[in-house]
1. What's the number of the condition residue 37 fails, among (1) surrounded by fewer than 19 Cβ atoms within 10 Å (Cβ to Cβ); (2) in contact with a helix residue (DSSP H, G or I) (Cβ under 9 Å, 6 or more places away or on another chain)?
2. Hey, which of the helices (runs of 4 or more DSSP H) in the stretch 1-87, taking only ones fully inside, have at least 1 residues that are touching a Ser or Thr at 6+ places or on another chain (Cβ under 9 Å), at negative phi and in contact (Cβ under 8 Å) with a residue 40 or more places away in the chain?
3. Determine whether the stretch 166-178 contains at least one residue that is over 19 Å from residue 129 (Cα atoms) and at pLDDT 90 or above.
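The values are calculated or read from the model by the stated rules, or taken from the named source; none is laboratory data. Values in this document were obtained by computation on a predicted structure and should not be read as measured data. Cβ placement follows ideal geometry from the backbone for every residue including glycine, while neighbour counts extend to all protein chains displayed.
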Amino acid sequence: MQNEIEKLSDNELFKLLSKKNRESEYAFLEIYRRYSGRIYAYCKRFLGNREDAMDAFQDTFVNFYKAADEPKDMTNLPAYLLRIARNVCLNFARQSRTTTQLEDYMYFENKSDQEEQDELLGLIHTALQQLPPDYREAFILREYEGMSYQEIAELLNISLALVKIRIFRAKEKLREILAPYISELSKM
């Protein structure tokens, strides 16, 4: 049974979910297998911490399962899952508005290359959290999820021009936030 399920398209799997039987459980597990890594990574990048990301990730799949009660055609399952994850993450972000100071990451004495690389990744992660949610979301979808501008526009239900503006401004803001730290690193 599992081998047969693995061969089904996303649309076929989605249609099976509404039946609420043994076959639908296998369909859900296959969808989870295909997309859980991507959805968790999105939640983690968006929210910035493992605990909130795991909660949002779980809520995403619960909401997805509930939404599958009605059989309908599913033309783009990954985008549908990302839309659910986006809404869940936005709710989480509204509930916990915390910021981390970049200075918390600044200590540069006698570090190995790996430590410096980890520190730089931490700086980038923290800088991402400093972006306005709209900019951060567009940037993550483009740079981490590899989505095209058009796909982002469709997912967020905004114009293509607005997507380009948000990504441009996100990059500008990241450069601005990271400039003093990158300058400090280059002196070392």
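1. It fails just one condition, (2).
2. Helices (runs of 4 or more DSSP H) meeting the threshold: 10-17, 22-47, 50-67.
3. no
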